[in-house]
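**Student:** What follows is a structure written as structure tokens; I'll ask about it next.
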Amino acid sequence: MRYTCVMSKTAKGRATRQSFQDAARRVFERDGYLNARLSDIAEEAGKSMASFYNYFDSKEALLTDLATDFDTELQAKVAEPFERGLAPHDALPEAIRAFYRHYRTRLPDVVGIVQASMVDPKFAADWREIRTNGVRTISIGIRRAQRDGWAPGLDPMLAASALSSMLEHFCWVWLAQGGDAIDVELEEDHAVDTLWKLWSHAIYWTEAE
């Protein structure tokens with residue numbers, strides 16, 4: 001069962017909820033999720049604790065809300081190249097770039113998600129459920145490639161999990177942790193090109209090769 005938050009139907013309510021989300025991101029970025037206090041978030045938002053509890057029952061509920069928004073926005077961004085009608089070989093690099101940029105922009109959310117997942121089994125279960133949306137999306141692309149004769153016999157869901165994990169952990173290591181201790185100064189184009197080449201070779205192959 002997920003942590004819960006209250007969704008307001010009024011413009012004022014939505015604005016207040018957004019102010020708590022934005023404040024949480026700033027506090028998470030400054031102090032880290034584990035050290036963040038609800039009083040700090042409320043103060044940063046310029047709101048009272050009573051107002052906070054009108055929307056969220058805990059810090060964990062606020063983070064679950066952020067994680068859900070993170071995933072919803074991500075799904076829309078990575079889908080956009082495909083919705084424009086681009087062929088998979090053209091759309092996938094753009095989708096990977098969208099993921100990379102979203103991860104970088106929303107890094108405070110990611111830090112909170114990773115830290116909470118390490119210490120809170122309930123939130124970890126929530127996040128596992130949320131991130132499965134991306135795994136399912138990737139598996140659809142793999143199945144489409146298989147209908148065209150690629151990657152015969154590959155388990156679409158397991159392969160999608162592996163590719164999703166590669167993308168997420170790569171972004172975590174290089175965007176949150178400063179990269180591996182190797183002689184590489186990573187720029188966005190280099191990152192996207194590397195990830196795309198690995199992804200394409202993982203999917204676009206046949207037994208004849």
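**Student:** Name the residues in the stretch 10-57 that are at pLDDT below 90, within 16 Å of ILE113 (Cα to Cα) and charged (D, E, K, R), would you?
**Tutor:** Correct list: GLU29 only.
**Student:** Only one of these conditions is not met by ALA23: (1) closer than 24 Å to GLU129 by Cβ; (2) in contact with an Asp or Glu (Cβ under 6 Å, 6 or more places away or on another chain). Which number is it?
**Tutor:** Condition not satisfied by ALA23: (1).
Residues checked against (1) of a type in the set (Gly, Ala, Ser); (2) within 11 Å of the chain's Cα centre (by Cα):
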residue	(1), (2)
ASP90	no, no
GLU94	no, no
TRP127	no, yes
GLN177	no, no
ALA181	yes, no
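**Student:** Can you tell me which residue among THR64, THR10, THR16 is within 18 Å of the chain's Cα centre (by Cα) and of a type in the set (Val, Ile, Thr)?
**Tutor:** Numbers: THR10 fails: within 18 Å of the chain's Cα centre (by Cα); THR16 fails: within 18 Å of the chain's Cα centre (by Cα).
Result of the check over THR64, THR10, THR16: THR64.
**Student:** Among the residues of the stretch 167-209, count how many are of a type in the set (Val, Ile, Thr), surrounded by fewer than 16 Cβ atoms within 10 Å (Cβ to Cβ) and within 16 Å of LEU154 (Cα to Cα). Even if it seems obvious, please write down each step before you answer.
**Tutor:** Here is the first cut: in the stretch 167-209, the residues of a type in the set (Val, Ile, Thr) are 173, 182, 184, 192, 194, 203, 206.
Retained after the next criterion (residues that are surrounded by fewer than 16 Cβ atoms within 10 Å (Cβ to Cβ)): 173, 182, 184, 194, 206.
Next, only the ones that are within 16 Å of LEU154 (Cα to Cα) stay: 206.
Total meeting the criteria: 1.
**Student:** If we keep just the residues of the stretch 155-166 that are of a type in the set (A, V, I, L, M, F, W, C) and surrounded by fewer than 17 Cβ atoms within 10 Å (Cβ to Cβ), which is nearest to TRP196 (Cα to Cα)?
**Tutor:** Step one: list which residues in the stretch 155-166 are of a type in the set (A, V, I, L, M, F, W, C), which gives 157-160, 162-163, 166.
With the extra rule that they be surrounded by fewer than 17 Cβ atoms within 10 Å (Cβ to Cβ), the set shrinks to 157-158, 162, 166.
Values: MET157: 19, LEU158: 18, ALA162: 14, MET166: 11 Å.
Per the stated criteria, the residue is MET166.
**Student:** Please go through the stretch 40-64 and pick out each residue that is within 18 Å of GLU29 (Cα to Cα) and basic (Lys, Arg).
**Tutor:** Result: LYS59, single match.
The values are calculated or read from the model by the stated rules, or taken from the named source; none is laboratory data. Note that this is a predicted model, so its numbers are computed, not measured. Heads up, the Cβs are rebuilt from the backbone with ideal geometry, glycines too, and the neighbour counts pull from every protein chain shown.
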